[in-house]
Amino acid sequence: MSESFDFDLLTLGAGSAGVAASRRAAAHGAKVGIVEASRVGGTCVIRGCVPKKLLMYAAQYGDALREAAEYGWDLAGAAPRFEMARWAARKAAEIDRLEGAYRQWLAHAGVTLIEGRAQVVGPHTVQVGPRTLRARRLLIATGATPVRDSIPGIAACPTSDELLDLHELPSDATVIGAGYIALEFASILARLGVRVRLVHRADLPLRGFDQDLRQRVATALDQAGIERLAGQGVKAVHGEPGRWVVELADGRRLAARYVLNATGRRPNTAGLGLETLGIVLRANGAVPVDERLQTSATEVYAIGDVTDRLNLTPVAIAQGRALADALFGPTHRFPDLSMVATAVFTLPPVGTIGLTEDAMRQRRRPYRVYEADFRPMRHAFFGGAERCYMSNPGRSYGRL
Ligand code: FAD
């Protein structure tokens, strides 16, 4: 390492991607620093997958309690009631524990943690508060953040970040969006007793997913008692916490105590200073990278949500480890993003991998869809409506 560098690798952002890359690089003997502006662990651990799954488990207990009586449990006398404040206290303790574990992992790996907001100020050079840090290689892993300007007035509404910090549930909620975050929270809130309305522009939620799945997810949301306003744009949101009015494109005005802005996420590159390196960002702020995760600037790499390719934790981690191996270790293999399994934690949940039927059709080759749709034994037992669906749009075996 040249004398003028503080680090072989300086990672900006200690989320799933940055922590994975930094630990692996340090394990290969590199001198690594990592800068974090907020809490160590990033979106997944602090305000994403982990707290969301913990809230989903809470919702599943509600289902289990309701079903238990059907299975012979005598719950008379018990008056189960979900108390968000109790969940919130436990959740906060668990997130503290996990953040502590992430900090320890970094320390044990010999990675130097620098707390503060990073700004790239020139080649190999990053400013964090009063400190100027120089590194041979820079790794941009600053993740993404909820879009707060998608609709006039929506900036004042909570996003998933704020929802996961609630101490009390609202009596009703209007969820705006049709991606997995919108559906998961709509599904969870409905199970926890909130009256949920879901407003989305397309006919079906989950754009990009297989049509059969989209249809069945929509049915499951309807069965959960969620009022779904499909094919509806939102023109504006007015009001204040507890007293919102959602103005639809067709002119209707809907009152809501709580409005969840689930209209998308945007890469965290505003004010990061990447233009000083000549990097031209995409329109939504994403950092373009090649198949080796290199940006257009030499010795500057980007991984995870900030590249806006497949915004999932396992992808971020796999990219981080692969990049560290390629830069400091013996292997040069990068993750193939064409076959990544995805889950949507609605209730029931969805899991999918590979091509959709639409994509198969566009290939103009014969194909068959193998599918099974049935009511699982667990629900059939008490006449429940929940169904299980499996399908595999696959290559055709034999003649069609
Ligand atoms: P992040 O985890 O966002 O980390 C980036 C870090 O950079 C942050 O800690 C941030 O504070 C820091 N940072 C930003 N700017 C700066 C700066 N200038 N200086 C220093 N630090 C900075 N994925 C799944 O695979 N499964 C799920 O079930 C799932 N559920 C999700 C649920 C929700 C509600 C959300 C919001 C996301 C979910 N995701 C899920 C997506 C997953 O969280 C992300 O794909 C993953 O966290 C991306 O990791 P990352 O390291 O790229 O970014």
- Item | Complete set of residues in the stretch 19-58 that are in a helix (DSSP H, G or I) and over 23 Å from residue 91 (Cβ atoms) | 20, 21, 22, 23, 24, 25, 26, 27
- Query: Quick one: how many residues across the stretch 165-189 are more than 16 Å from the ligand (Cβ to nearest atom) and either in contact with a Phe, Trp or Tyr (Cβ under 8 Å, 6 or more places away or on another chain) or within 21 Å of residue 264 (Cα to Cα) (or both)?
  - Reply: 4
- Could you tell me whether the stretch 57-74 includes any residue that is surrounded by fewer than 19 Cβ atoms within 10 Å (Cβ to Cβ) and under 23 Å from residue 311 (Cα atoms)? yes
- Item | Filter result (within 24 Å of residue 188 (Cβ to Cβ), in contact with a Gly (Cβ under 7 Å, 6 or more places away or on another chain) and loosely packed, with under 12 Cβ neighbours inside 10 Å) within the stretch 334-379 | 341
- Task: Tell me which residues, restricted to the stretch 305-335, are under 17 Å from residue 137 (Cα atoms) and small (Gly, Ala, Ser).
- Result: 320, 322, 324, 326, 329
- Restricting the stretch 369-385 to residues that are hydrophobic (A, V, I, L, M, F, W, C) and part of a loop (DSSP other than H, G, I, E, B), the residue that is nearest to the chain's Cα centre (by Cα): 385
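Do we have residue 286 as in a helix (DSSP H, G or I) and under 12 Å from residue 144 (Cβ atoms) here?
On the way: in a helix (DSSP H, G or I): no; under 12 Å from residue 144 (Cβ atoms): yes.
Spelling it out, it is not the case that residue 286 is in a helix (DSSP H, G or I) and under 12 Å from residue 144 (Cβ atoms).
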- What tally of residues in the stretch 133-153 results from selecting those that are among the aliphatic types (A, V, I, L, M) and touching a Lys or Arg at 6+ places or on another chain (Cβ under 7 Å)? 2
- What tally of residues in the stretch 91-103 results from selecting those that are within 29 Å of residue 65 (Cα to Cα), charged (D, E, K, R) and touching a residue at least 12 places away in the same chain (Cβ under 8 Å)? 2
- Near pairs, Cβ below 9 angstrom, 6+ apart or cross-chain, from the stretch 325-345 (part of a strand (DSSP E or B)) to any residue that is surrounded by 10 or more Cβ atoms within 10 Å (Cβ to Cβ) and acidic (Asp, Glu): 344/184
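So which residues in the stretch 67-104 are basic (Lys, Arg) and closer than 20 Å to residue 192 by Cβ? Lay out the reasoning, then the answer.
First, pick out the residues of the stretch 67-104 that are basic (Lys, Arg): 81, 86, 90-91, 97, 103.
Within the stretch 67-104, 81, 86, 90, 91 qualify.
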- Message: For the stretch 123-165, which positions are closer than 30 Å to residue 178 by Cβ and not in a loop (DSSP other than H, G, I, E, B)?
- Response: 140, 144, 145, 146, 154, 155, 156, 160, 161, 162, 163
- Note on the structure: Among (1) acidic (Asp, Glu); (2) surrounded by fewer than 17 Cβ atoms within 10 Å (Cβ to Cβ); (3) closer than 30 Å to residue 303 by Cβ, residue 36 falls short only on (2)
- In the list 59, 14, 20, 37, which residue meets the criterion of being near the ligand (Cβ under 7 Å from one of its atoms) and touching a Lys or Arg at 6+ places or on another chain (Cβ under 7 Å)? 37
- State all residues of the stretch 308-359 that are β-branched (Val, Ile, Thr) and within 15 Å of the ligand (Cβ to nearest atom); if no residue qualifies, say none. 313, 315, 317, 340, 342, 344, 346, 350, 352, 353
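What residue, among those in the stretch 107-116 that are closer than 13 Å to residue 34 by Cβ and not in a strand (DSSP E or B), is farthest from the ligand (Cβ to nearest atom)? Full working, then the answer.
Of all residues in the stretch 107-116, those closer than 13 Å to residue 34 by Cβ come to 107, 109-116.
Still in the running and not in a strand (DSSP E or B): 107, 109-111, 116.
On the way: 107: 17, 109: 16, 110: 20, 111: 14, 116: 7 Å.
Of everything passing the filter in the stretch 107-116, 110 is farthest from the ligand (Cβ to nearest atom).
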- Quickly run through the stretch 245-261 and pick out the residues that are assigned to a strand (DSSP E or B) and within 12 Å of residue 199 (Cβ to Cβ). 246, 247, 248, 254, 256, 259, 260, 261
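Quick note: the coordinates plus some simple rules give every number you see, no bench work behind them. Nothing here was measured: the structure is a model prediction, and the numbers come from that model. Reconstructed Cβ throughout: ideal geometry from the backbone, glycine too, with neighbour counts over all protein chains shown.
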